[in-house]
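For reference, the structure I am asking about is given below.
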Amino acid sequence: MADPGKPKLHYFPYSGRAEVLRMAMQYFELDYDEEVVSSQAWVSLKRSGNYEFAHLPMLEIQGKRLVQTSAILRYLCQTNHAYSTSTDQIAQIEAIVELHSDIQEQTLPLMLQDKLTEAKAWYEVHMPEQYFPMIERLLEANGAGQGKYFVGSTVTMADFVMFEFGFDAFQRSQMEDLGVKFAQIAPKFFAFLASFKEQKQSLKRYMSEHNDKPV
Ligand SMILES: N[C@@H](CCC(=O)N[C@@H](CS)C(=O)NCC(=O)O)C(=O)O
């Protein structure tokens with residue numbers, strides 16, 4: 001029987017927006033269940049009133065039903081010592097989260113519709129010229145992180161969004177041809193991706209088991 005004390009992640013049967021939450025929970029070694037919602041079941045669930053903004057993902061945790069991906073991730077990070085109390089660091093973490101949203105706004109609709117060729121074309125145009133130079137600069141500028149963290153000297157929410165982004169866009173089996181091409185253009189970012197995965201066995205194991213999960 002399901003343990004009522006365990007967090008339960010409700011989402012569709014693919015990576016999508018929930019993947020960053022799964023990765024964070026793996027990193028934090030949080031034992032959680034998943035409620036996999038089919039698109040047919042969602043038609044009536046959406047109208048049930050049990051999902052605050054009629055969207056998924058939703059995370060049931062400690063008697064709460066959290067919604068909105070960033071808000072859920074922020075909650076997980078704040079409750080697992082992966083945020084910050086410094087206003088300067090919080091501003092930097094949130095700026096990086098927004099930078100990721102700017103990219104995701106363009107690419108997630110393509111990925112969710114399985115338009116991988118179009119998504120790859122978008123990355124080819126925009127990453128080398130526009131975004132990789134920024135990302136490389138962020139890692140370079142955060143000396144305290146030694147290339148392992150985007151903000152400060154310990155893991156934060158910024159690392160989770162950038163790690164999940166890097167995996168989703170350039171390392172999952174359907175996308176790794178792009179990763180091979182981009183590794184030379186953004187060496188600091190690819191070194192960050194490699195070292196982050198190595199930090200936790202639980203995350204590494206999860207990633208190796210879900211490398212070719214539907215996008
Ligand atoms: N801003 C929300 C957007 C959530 C969202 O658009 N979820 C999609 C799946 S990725 C969904 O629930 N689609 C079904 C629907 O809107 O009925 C978040 O980040 O959680």
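Can you tell me which residue among Leu73, Leu30, Leu59 is surrounded by 19 or more Cβ atoms within 10 Å (Cβ to Cβ) and either farther than 15 Å from Asp159 by Cα or among the polar types (S, T, N, Q) (or both)?
On the way: Leu73 fails: either farther than 15 Å from Asp159 by Cα or among the polar types (S, T, N, Q) (or both); Leu30 fails: surrounded by 19 or more Cβ atoms within 10 Å (Cβ to Cβ).
Being surrounded by 19 or more Cβ atoms within 10 Å (Cβ to Cβ) and either farther than 15 Å from Asp159 by Cα or among the polar types (S, T, N, Q) (or both) holds for just one of Leu73, Leu30, Leu59, which is Leu59.
Oh, and also: Would it be correct to say that Gln174 is in contact with a helix residue (DSSP H, G or I) (Cβ under 8 Å, 6 or more places away or on another chain) and within 28 Å of Ile90 (Cβ to Cβ)? Explain how you work it out, then say what you get.
On the way: in contact with a helix residue (DSSP H, G or I) (Cβ under 8 Å, 6 or more places away or on another chain): yes; within 28 Å of Ile90 (Cβ to Cβ): no.
No: the conditions fail for Gln174.
Quick check on my filter: what residues within segment 10-51 are under 23 Å from Phe163 (Cα atoms), within 12 Å of the ligand (Cβ to nearest atom) and in contact with a strand residue (DSSP E or B) (Cβ under 8 Å, 6 or more places away or on another chain)? Step through it out loud before you land on a result.
Filtering segment 10-51 down to residues under 23 Å from Phe163 (Cα atoms) leaves 10-34.
Of the ones still in play, those that are also within 12 Å of the ligand (Cβ to nearest atom) are 10-21.
Matches in segment 10-51: His10, Tyr11, Phe12, Pro13, Arg17, Ala18, Leu21.
Can you pull out every residue in segment 138-151 that is surrounded by 18 or more Cβ atoms within 10 Å (Cβ to Cβ) and assigned to a loop (DSSP other than H, G, I, E, B)?
Asn142, Lys148, Tyr149, Phe150, Val151
Out of the residues in segment 52-87 that are of a type in the set (S, T, N, Q) and outside any loop (DSSP other than H, G, I, E, B), state the one that is nearest to the ligand (Cβ to nearest atom). Can you show your working first?
Here is the first cut: in segment 52-87, the ones of a type in the set (S, T, N, Q) are 62, 68-70, 78-80, 84-87.
Now restrict to residues that are outside any loop (DSSP other than H, G, I, E, B): 69-70, 78, 87.
Values: Thr69: 4, Ser70: 6, Gln78: 17, Thr87: 24 Å.
Here the answer is Thr69.
Moving on. If only one of Glu118, Glu124 is under 25 Å from Ala18 (Cβ atoms), surrounded by 12 or more Cβ atoms within 10 Å (Cβ to Cβ) and either modelled with pLDDT of 95 or more or aromatic (Phe, Trp, Tyr) (or both), which one is it? Spell out the reasoning first.
Details: Glu124 fails: under 25 Å from Ala18 (Cβ atoms).
So the residue among Glu118, Glu124 that is under 25 Å from Ala18 (Cβ atoms), surrounded by 12 or more Cβ atoms within 10 Å (Cβ to Cβ) and either modelled with pLDDT of 95 or more or aromatic (Phe, Trp, Tyr) (or both) is Glu118.
Quick test of your reading of the structure: Ala144 fulfils all but one of (1) in contact (Cβ under 8 Å) with a residue 24 or more places away in the chain; (2) of a type in the set (A, V, I, L, M); (3) under 19 Å from Cys77 (Cβ atoms). Name the failing condition by number.
Every condition holds for Ala144 apart from (1).
Tell me the residue from Ile103, Ile96, Ile135 that is away from the ligand (no atom under 16 Å from the Cβ), within 17 Å of the chain's Cα centre (by Cα) and either touching a residue at least 60 places away in the same chain (Cβ under 8 Å) or assigned to a loop (DSSP other than H, G, I, E, B) (or both), please. Steps first, answer last, please.
Working: Ile103 fails: away from the ligand (no atom under 16 Å from the Cβ); Ile135 fails: either touching a residue at least 60 places away in the same chain (Cβ under 8 Å) or assigned to a loop (DSSP other than H, G, I, E, B) (or both).
Going through Ile103, Ile96, Ile135 in turn, the sole match is Ile96.
Residue by residue, here is whether (1) closer than 15 Å to His10 by Cα; (2) charged (D, E, K, R) holds:
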residue: Asp31; (1), (2): yes, yes
residue: Val37; (1), (2): yes, no
residue: Ser44; (1), (2): yes, no
residue: Ser48; (1), (2): yes, no
residue: Ala54; (1), (2): yes, no
residue: Glu60; (1), (2): yes, yes
residue: Gln68; (1), (2): yes, no
residue: Cys77; (1), (2): no, no
residue: Ile90; (1), (2): no, no
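Hey, another quick one. Being surrounded by fewer than 21 Cβ atoms within 10 Å (Cβ to Cβ) and assigned to a loop (DSSP other than H, G, I, E, B) is the filter here; which residues of segment 4-22 pass it?
Pro4, Gly5, Lys6, Pro7, Phe12, Pro13, Tyr14
The values are calculated or read from the model by the stated rules, or taken from the named source; none is laboratory data. These numbers were taken from a predicted model, which means no experiment stands behind them. Don't worry about glycine lacking a Cβ; one is built from the backbone with ideal geometry, like all the others, and counts go over all protein chains shown.
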